[in-house]
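Chemist: Starting off with a structure, shown below.
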Amino acid sequence: MQESQKTYLWWQTGVVYQIYPRSFQDSNSDGVGDLRGIIQRLDYLQWLGIDAVWLSPIYPSPMADYGYDISDYRGVHPLFGSETDFDELLQAVHGRGMKLILDLVPNHTSDQHPWFLESRSSRDNPKRDWYIWCDPLPDGSVPNNWLSVFGGPAWEWDETTQQYYYHAFLKEQPDLNWRNPEVQQAMLDVMRFWLDKGVDGFRVDVMWHMIKDEQFRDNPVNPDYQAHMATYEQLLPVYSTDQPEVHTIVRQMRSVLDSYDERMMIGEIYLPIQKLVTYYGIDGKGAHLPFNFQLLSLPWDARQIASAIDQYEGALPPNGWPNWVLGNHDQPRITSRVGMQQARVAAMLLLTLRGTPTIYYGDEICMRDVPIPFEEVQDPQGLNMPDKNLSRDPARTPMQWDGSPNAGFTDVKPWLRLAANYSRENVAVQRDNDLSMLTLYRRLIDLRRNEPALQVGTYTPVYSDMNLVAFKREAEGHDSFLIVLNLSHRPGYFRPQHFPFTGTVAIATYPESEGVSVSDTLNLSGDEGVIIRLQ
Ligand code: NOJ
């Protein structure tokens, strides 16, 4: 069957937008974003052309890791609003024809979660085995060499019960024992709770961490470790992550989703391509979209990126749907990594590649990493490794809506300082500017939505000059497109030897090129990207 005649689901054709709820819109003047604030901004997302909204965690939490330490999986943190606010948000999202994806954090709970409080209360508590408890070695030291992602050992001593518990992240985030069937059932019930309410899917936190080696073997030393890296990277997490048994768990989660209509699951997985694609599961019964983070982690180099795209396309299992990401709340922002001009090229890449794009809030207005003074750092990753500049706060600053005090985000002091340039770079200013990043994003999304070749068509790489990435998108019976992107600041020449083409530039990162007829060769400015509608 031709690509364009197949039926595609919303999570394949749509554009996903990640909201970090603390930083999107404050509605109750406490300096922290909330659910009612998000409701107020849904018209904006609809105007932008977004199809699905993913919310980072909104559940009750002591906020040791800003919501990724959950103390109640079925509630809403009062900072963000009430359960009624949530129901209203869900209704409002659906009312606009959009979908809502929640963050699910099944790997660990807060140390304040009643399950953990019970588990740590005594060795014979029925929930003892819900977490990962181990005896000390004979000399009293930690059970093995596993490290916490946020610095230091991954084992915390419990004085009362005289055992260590395992935490891949903070000690306030004990890992659940997913080998325990009761834990599995409890978390699948959490999924059902939100699915019954009508939530359209989940982004599953650290999916590849969920099961650890049954024998707790020591992780091997990373021979490529360098001092500037996070201490966690001293070891290769061979035994603490990506265990074969994780796929059974993912499959169980998938069956829950499959018992509802058209729900979906994104997996947060930082692994090389060959391992990443195994998370689609046997017969495609794993995650619908194992997050593909290559554009986040590779150097911004045309050859490396072009070959990674091809490698990924080639590694996808039959019917495995691709996806692409430029930013999230854990990574430096794309504009800060590649610069303003290249960020436009990156946006064009994200929205023309085959597969579901996820946009991180604020990237569509070129928000940059904001320097947060040392004494204002909030992120535990930054606080725990102060010498390594690893705080994630710079990429989590409040959304810049307009030029009014506090950028229209709040009318009091925001929880995290705003970018100094917010009066120049904001939604209100960019909305009315034909040349802005926001206008570019909106036009790219619009073109993608209206052109089957871009939305669901095939991808074919086209050989090109060293600094260019070029590919063709086609769907039977519809216009085809050639995308040529210059990933460098210097002029680039597109002279493919065996690829004659004629067409018209539909969208370019520089407006002068738009509407121009082109054939067979292209001379691109530095930082220029073009989408050519082929004849
Ligand atoms: C991944 C999340 O994206 C990150 O923000 C969090 O700190 C860790 N998981 C721990 O939950």
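Chemist: On the given criteria, is Y225 open to solvent by 10 Å² or more (accessible area, probe 1.4 Å) and within 16 Å of the ligand (Cβ to nearest atom)?
Modeler: On the way: open to solvent by 10 Å² or more (accessible area, probe 1.4 Å): yes; within 16 Å of the ligand (Cβ to nearest atom): no.
The answer is no for Y225.
Chemist: Is segment 398-410 home to any residue that is small (G, A, S) and free of Cβ contacts under 8 Å to residues at least 12 places away in the same chain?
Modeler: Residues of segment 398-410 small (G, A, S): 403-404, 407-408.
Filter again for free of Cβ contacts under 8 Å to residues at least 12 places away in the same chain, leaving 404.
Yes, there is a match, as at least one residue in segment 398-410 is small (G, A, S) and free of Cβ contacts under 8 Å to residues at least 12 places away in the same chain.
Chemist: Restricting the search to segment 294-333, which residues are in a loop (DSSP other than H, G, I, E, B), within 16 Å of the ligand (Cβ to nearest atom) and of a type outside the set (K, R)?
Modeler: L326, G327, N328, H329, D330, Q331, P332
Chemist: Out of the residues in segment 369-404 that are out of contact with any helix residue (DSSP H, G or I) (no Cβ under 7 Å at 6 or more places or on another chain) and closer than 18 Å to Y20 by Cα, which is farthest from the ligand (Cβ to nearest atom)?
Modeler: P394
Chemist: Which members of segment 326-343 meet the condition of being open to solvent by less than 30 Å² (accessible area, probe 1.4 Å) and over 13 Å from the mean Cα position of the chain (by Cα)?
Modeler: If we filter segment 326-343 for residues that are open to solvent by less than 30 Å² (accessible area, probe 1.4 Å), which is where we start, we get 326-329, 333-335, 338-339, 342-343.
Within segment 326-343, T335, V338, G339, Q342, A343 meet the criteria.
Chemist: Looking at segment 345-358, which of its residues are touching a strand residue (DSSP E or B) at 6+ places or on another chain (Cβ under 7 Å), part of a helix (DSSP H, G or I) and closer than 20 Å to D369 by Cα?
Modeler: Taking segment 345-358 as the starting set, the residues that turn out to be touching a strand residue (DSSP E or B) at 6+ places or on another chain (Cβ under 7 Å) are 345, 348-358.
Narrowing further to those that are part of a helix (DSSP H, G or I): 345, 348-352.
Selection gives V345, L350.
Chemist: From the list F150, F193, pick out the single residue that is out of contact with any Gly (no Cβ under 9 Å at 6 or more places or on another chain), open to solvent by 10 Å² or more (accessible area, probe 1.4 Å) and among the aromatic types (F, W, Y).
Modeler: On the way: F150 fails: open to solvent by 10 Å² or more (accessible area, probe 1.4 Å).
Just a single option satisfies the conditions, and that option is F193.
Chemist: Search segment 508-535 for residues that are farther than 23 Å from A475 by Cβ and pair each with any residue that is in a helix (DSSP H, G or I) and open to solvent by 20 Å² or more (accessible area, probe 1.4 Å) when their beta-carbon atoms are under 6 Å apart and the residues are at least 6 apart or on different chains.
Modeler: T509/R344; D527/Q341
Chemist: Now a separate question. Test R354 against the stated conditions and say whether it is open to solvent by 10 Å² or more (accessible area, probe 1.4 Å) and either closer than 24 Å to N450 by Cα or within 16 Å of the ligand (Cβ to nearest atom) (or both). First the steps, then the outcome.
Modeler: Values: open to solvent by 10 Å² or more (accessible area, probe 1.4 Å): yes; either closer than 24 Å to N450 by Cα or within 16 Å of the ligand (Cβ to nearest atom) (or both): yes.
Taking the combined requirement at face value, the residue satisfies it.
Chemist: Another one. When the residues of segment 102-150 are filtered to those that are in contact with a Lys or Arg (Cβ under 9 Å, 6 or more places away or on another chain) and of a type in the set (G, A, S), which remaining residue is nearest to the ligand (Cβ to nearest atom)?
Modeler: S148
Chemist: Going through segment 497-533 one residue at a time, which ones are open to solvent by 10 Å² or more (accessible area, probe 1.4 Å), under 34 Å from the mean Cα position of the chain (by Cα) and of a type in the set (D, E, K, R)?
Modeler: E512, E514, D527, R533
Chemist: Please go through segment 23-72 and pick out each residue that is under 20 Å from the mean Cα position of the chain (by Cα) and among the aromatic types (F, W, Y).
Modeler: Once the filter is applied, which keeps residues that are under 20 Å from the mean Cα position of the chain (by Cα) and among the aromatic types (F, W, Y), segment 23-72 yields F24, W54, Y59, Y66, Y68.
Chemist: So, one more: Mind listing whichever residues of segment 46-91 are within 13 Å of the ligand (Cβ to nearest atom), more than 22 Å from F150 (Cβ to Cβ) and out of contact with any Leu (no Cβ under 7 Å at 6 or more places or on another chain)?
Modeler: W54
The values are calculated or read from the model by the stated rules, or taken from the named source; none is laboratory data. Because the structure is predicted, anything quoted here is derived from the model rather than measured. Every residue, glycine among them, receives a Cβ derived from its backbone with ideal geometry; neighbour counts consider all protein chains shown. With ligands, DNA and RNA removed, areas are computed over all heavy atoms of the protein, side chains included. Shrake-Rupley method; radii C 1.70, N 1.55, O 1.52, S 1.80 Å.
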